[in-house]
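Heads up: the structure comes next, in structure tokens.
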2 protein chains.
Amino acid sequence: MPNKPPITFDVVAREGEARAGLLTTRRGEIETPVFMPVGTAGTVKGIRFEALETELDARIILGNTYHLWLRPGIDVIKRCGGLHRFIGWQRPLLTDSGGFQVWSLGDLRKISEEGTEFRSHLDGSLQFLSPEVSMQVQAVLGSDIVMAFDECAEGNASPDVARASMELTARWAQRSRVEFDRLQANGADTGRTDKNENLSGDQALFGIVQGASHVELRSESLARTTDVGFDGYAIGGLSVGEEKSVMWQVVDAVAPEMPSDKPRYLMGVGTPEDLLKAVSRGIDMFDCVLPTRNGRTGQAFTSRGKVNVKNAQWAVDTKPLDETCECSVCRRHSRAYLRHLHQSGEMLAGMLLTHHNLAFFLDTMRGVRQSIRSGEFTKFRQAFTEKLNEGEQQNALIDA
Amino acid sequence: MPNKPPITFDVVAREGEARAGLLTTRRGEIETPVFMPVGTAGTVKGIRFEALETELDARIILGNTYHLWLRPGIDVIKRCGGLHRFIGWQRPLLTDSGGFQVWSLGDLRKISEEGTEFRSHLDGSLQFLSPEVSMQVQAVLGSDIVMAFDECAEGNASPDVARASMELTARWAQRSRVEFDRLQANGADTGRTDKNENLSGDQALFGIVQGASHVELRSESLARTTDVGFDGYAIGGLSVGEEKSVMWQVVDAVAPEMPSDKPRYLMGVGTPEDLLKAVSRGIDMFDCVLPTRNGRTGQAFTSRGKVNVKNAQWAVDTKPLDETCECSVCRRHSRAYLRHLHQSGEMLAGMLLTHHNLAFFLDTMRGVRQSIRSGEFTKFRQAFTEKLNEGEQQNALIDA
């Protein structure tokens, strides 16, 4: 049995619905609201862990169960001592359940009461993922926060389809909880098995609220999820192609009803503006591929809006990407150089833009946390948004 | 006029032909023998300058005139204040002349007395490179060490063909010198024009010995090159597909005859064993794409020979690439993880292997320098080679 609960969460300051909190995990403290860089296949693409730890001070990153299960596979990760040891990252890890990824496969998957049958995107082999399998895989990964296995629905799913999906998710939440507890009791958590690490507590388990765009289904989903009981609660199935207004209707309806003493996680969101808006609705945790994926395709996020480094405008521009950014990329490199690297197809383009983008997201969240603590979040958000909009308008003129 | 000569070179210790020296440039001191990482298009592929400066302590890197001239072009680099400022690297830079690159284009180039006409590998446009143009481009780049414009010959070129090529190189060396001196007198060196940098002296110019595999032509080339007079001398046209034995015949013949008070640079060489052998023949400077290029394709250089990270043998191997290496990659990551990254096509695979490989090359050269200073180079080289061969034999068993 664990000495201490796997995680504790304390709200330390509020401003309206916005909250600054402290999430204490067995591998360290995480100040919230927090943005989690996405490390799909055991690497946050294009950046070294040293930079994530030291300069960027990312306190938690995300791993994808689906990808890691298929490659290198759980046998490999188990024999290498769990995901932390396998990849060389000793800070907290959250793993998703694979539910969203297999749902994304579309025609390549078949969903039943038991679970989801699908063909691997790597070799076409037939695979089966269920609440039990997902919990087993995440126990081997040894992640500090495990996500329940859920079923997503199309953003525009009809009430009937969305209800069926939501109810399936509720039953899977219960099965996830049971299997998770069995595994914890059996000490299956690879991340905890090494005595040298002196880890207290077991893994934590988060539940996921579904229900597509239907707020009444979302409310019911939240009630059924909290009935099962989890260490934290996530809003899933958003940012999957629906209108932004739909996403905010759901967040506005669900967030205030989520247990206030547990962390609230908005999955897969979003732009810097989205993060600040969601924080104002009481969300504590985020993950998104935007800073890393867009970095690899030449797009930088800055305090004055998005910058496309391909733009000929930057050919001889010796200014940094963001004149108010203090990251190592902005301190050293110009827009002209970044454009050259991108045009030349150099790896360093993606590496530097990824670094800057993550720095911008993480710095923004640091500012958010400080502003909530000092009661100036509304002011912070307003100034942030004004500067962003002003810059975007200028960028639009350049692009025109 | 320069206050001080652009570079000075002092031999501080010898053991047989091997020499440890100090090359003082306007941007800092370089202990020799030195390995220069290759930064073709203004980036050492897959590694950030911060890592080159701090952990690896690379004192000088190489840039390619051909690539930079075609993209982003000298107008861009000039307007951005020269290559150092453009890329964000304030330590010494050596640029090649473009001679080797245009020669490598094969059927795409036509060589005349005046220079080389060729089609750009980027857009097929017709371009012309000559000693004068190469000097002008390198003045804009503002590199600390400029290479004379030379003509390479096939490794197996007949005596007549090799003689014609060598004689052309000698005439081009003279034209390079004249144009270089004119440019320096006119203050065309972009790297020096910023008064804030307080750079003393102008750029330095190195001559290149050619003559294919014919040692008598090589000797004549050396005599004609030293007649022109340069700040350092390079052996070019080796490691271009000829037998290794041919390369060593040439090095054995030429190196001892090269001016002993100037740095001796063996271009494009080589493996760690090659570096140590060439040092034993009195060579001071090297550049090679092996650590970076092979790193991107999954090959690591270690003290126990080459390791192919793709090998299934490493699937669950939690040992580092090289158990005696203290680089940040070996301190943190296992062979199993590197294999996973490579198999998954992750950028981080190339980034980490590039870092380790450069660490191994630069650490080896550090060991070489220390051993020459302490009179133990022969012992160092023997121990290094024995360990390498022993490891290679074991690797061969694994591969079999």
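The values are calculated or read from the model by the stated rules, or taken from the named source; none is laboratory data. Everything quoted here is computed from the prediction, not taken from an experiment. Glycine gets a Cβ as well: all are built from the backbone with ideal geometry, and neighbour counts include every protein chain shown. All accessible areas refer to the heavy atoms of the entire protein, side chains included, with ligands and DNA or RNA removed. Shrake-Rupley method; radii C 1.70, N 1.55, O 1.52, S 1.80 Å.
Remark: mean inter-chain Cβ contacts per residue of A:39-50 equal 5, using a 10 Å Cβ-Cβ cutoff to other protein chain atoms. Peptide A:309-318 has a mean shielding of 2, counted as Cβ atoms of other protein chains within 10 Å of each residue's Cβ.
Extension gain, B:Leu22-B:Trp248: 0.36 nm per intervening residue step, less the Cα-Cα distance, totals 78.8 nm. Shape descriptor for the range B:169-287: Rg over Rh equals 1.03 (Cα atoms; Rh from the Kirkwood inverse mean 1/r). Hydrodynamic radius of the range B:246-400 by the Kirkwood approach over all distinct alpha-carbon pairs: 16.5 Å.
Treat every Asp and Glu Cβ in chain A as -1 and every Lys and Arg Cβ as +1, leave all other atoms uncharged, and give the resulting dipole magnitude about the Cα centre to the nearest 20 debye. Write down the numbers at each step before the final one.
On the way: 46 positive and 53 negative charges, 205 e Å.
Once rounded to the nearest 20, the dipole reads 980 debye.
The antiparallel fraction among DSSP beta bridges confined to the protein assembly as shown stands at about 55%.
Give, as ranges by residue number, the residues of the range A:1-43 whose backbone N falls under 16 Å from the point 7 Å along Cα→Cβ of A:Thr324. The answer is none, because no backbone nitrogen lies closer than 16 Å to the label point. The alpha carbon radius of gyration of chain A, expressed as a multiple of 2.2 N^0.38 Å, is 0.97. Of all lysines in the structure, those lying under 26 Å Cα to Cα from B:Lys78, and not within fewer than 8 positions of it along the same chain, are A:Lys310, A:Lys319, B:Lys4, B:Lys45, B:Lys195. In plain terms, the C-alpha convex hull of the range B:48-136 casts an average shadow of 6.4 nm² when viewed from every direction. Sorted shortest first, the distances from the B:Glu386 label point to those of the same residue in the other copies are 7.4 nm; each point sits 7 Å from Cα along Cα-to-Cβ. Compared with the alpha-carbon gap, the fully stretched path from A:Gln313 to A:Glu114 is longer by 66.1 nm at 0.36 nm per residue. Over all Cα atoms in the range A:141-228, the spread is summed up by Rg and Dmax: 15.7, 52 Å.
Between B:Lys306 and B:Ser104, the simple label model (points 7 Å from Cα in the Cβ direction) yields a spacing of 1.8 nm.
Could you pull out the GluC sites (Glu not before Pro) across the range B:109-156 that fall in loop regions by DSSP (anything but H, G, I, E, B) with no more than 10 other Cβ atoms inside 10 Å? Here the sparse-neighbourhood loop sites are B:Glu113. Dipole magnitude for the range A:211-308: computed about the Cα centre from +1 point charges on Lys and Arg Cβ and -1 point charges on Asp and Glu Cβ, it is near 540 debye. When the Gaussian network model of chain A links Cα atoms closer than 10 Å, the mean-square fluctuations of A:Asp284, A:Asp150, A:Asp274 top out at A:Asp274. Proximity of backbone amide H atoms, modeled 1.01 Å from N, is registered between A:Val209 and A:Ala234, A:Ile235, A:Gly236 at under 5 Å, excluding neighbours fewer than 5 places apart on the same chain.
Each copy carries a label point for A:Ser104 at 7 Å from Cα along the beta-carbon vector; from one copy to the others these points are 3.8 nm apart, nearest first. Summing Cβ point charges (Lys, Arg +1; Asp, Glu -1) relative to the Cα centre of the protein assembly as shown gives a dipole of roughly 720 debye. Shown in residue order for the range A:225-242 are the 3J(HN,Hα) couplings computed by the Karplus curve 6.51 cos²θ - 1.76 cosθ + 1.60 at θ = phi - 60°: 6, 5, 4, 5, x, 9, 7, x, 10, 10, 9, x, x, 10, 6, 10, x, 6 Hz (x for Gly and Pro). Partner shielding of B:80-88 amounts to 4, given as the average count of beta-carbon atoms from other chains within 10 Å of each residue beta-carbon.
Computed over protein heavy atoms with a 1.4 angstrom probe, the accessible surface ordering of B:Ile398, A:Ile145, largest first, is B:Ile398, A:Ile145. When Rg and Dmax are taken over the Cα atoms of the range B:1-113, they come to 16.5, 48 Å. Taking amide H positions as modeled 1.01 Å from N, with prolines and chain starts lacking one, the residues under 5 Å from A:Thr32 and 5 or more places away or on another chain are A:Gly21, A:Leu22, A:Leu23. Take every Cα pair under 8 Å whose residues are at least 6 apart in sequence, average their separation, divide by the length of chain B, and the relative contact order is 17 percent. Across the range A:109-120, rounded Karplus estimates of 3J(HN,Hα) from the backbone phi angles (6.51 cos²θ - 1.76 cosθ + 1.60, θ = phi - 60°) give 10, 10, 9, 10, 4, 5, x, 10, 9, 8, 9, 4 Hz, Gly and Pro being marked x.
Need one number: buried accessible surface between chains A and B, 1.4 Å probe, both sides summed, DNA, RNA and ligands left out, in Å² to 100.
Its buried surface, counting both partners, is about 3500 Å².
Across B:Asp75, B:Asp363, B:Asp189, mean-square fluctuation computed from a Gaussian network of chain B (C-alpha pairs under 10 Å connected) peaks at B:Asp75.
The antiparallel fraction among DSSP beta bridges confined to chain A stands at about 55%. Gain on full extension, evaluated as 0.36 nm per residue between A:Glu216 and A:Ile398 minus their Cα-Cα distance, stands at 61.1 nm.
Sort A:221-227, B:89-95 by packing, meaning the average of other beta carbons within 10 Å per residue, with the highest value first. Can you show the working numbers first?
Numbers: A:221-227: 19.7, B:89-95: 22.7.
Packing proxy ranking, top to bottom: B:89-95, A:221-227.
Taking the average, over residues, of other Cβ atoms within 10 Å as the packing measure, peptides A:381-390, A:120-129 rank A:381-390, A:120-129 from highest down.
Taking the Cβ of A:Asp181 as the centre, find all other residues whose Cβ is under 14 Å away and add up their charges (Lys, Arg: +1; Asp, Glu: -1). Residues near A:Asp181 contribute -2 overall.
Just to be sure I understand: with springs between alpha-carbon atoms less than 10 Å apart, which residue in A:Pro259, A:Pro131, A:Pro33 has the highest mean-square fluctuation in the Gaussian network model of chain A? Comparing A:Pro259, A:Pro131, A:Pro33 in the GNM, the peak value goes to A:Pro259.
Note that the range A:129-142 has calculated 3J(HN,Hα) couplings of 10, 9, x, 5, 5, 4, 5, 5, 5, 5, 5, 5, 4, x Hz, one per residue in order, obtained from phi through the Karplus relation 6.51 cos²θ - 1.76 cosθ + 1.60 (θ = phi - 60°); glycine and proline are x. Plainly put, the tip 7 Å out from Cα toward Cβ on A:Pro259 is 8.0 nm from that tip on each other copy, the closest given first.
At q = 0.06 Å⁻¹, what is the log10 ratio I(q)/I(0) for the protein assembly as shown, with the Debye formula run over Cα points and no solvent? Rounded to two decimals, the profile gives -0.46.
In square nanometres, what is one fourth of the surface area of the convex hull spanned by the alpha carbons of the range B:36-81?
On the way: hull surface 13.8 nm².
Projected area, direction-averaged: 3.4 nm².
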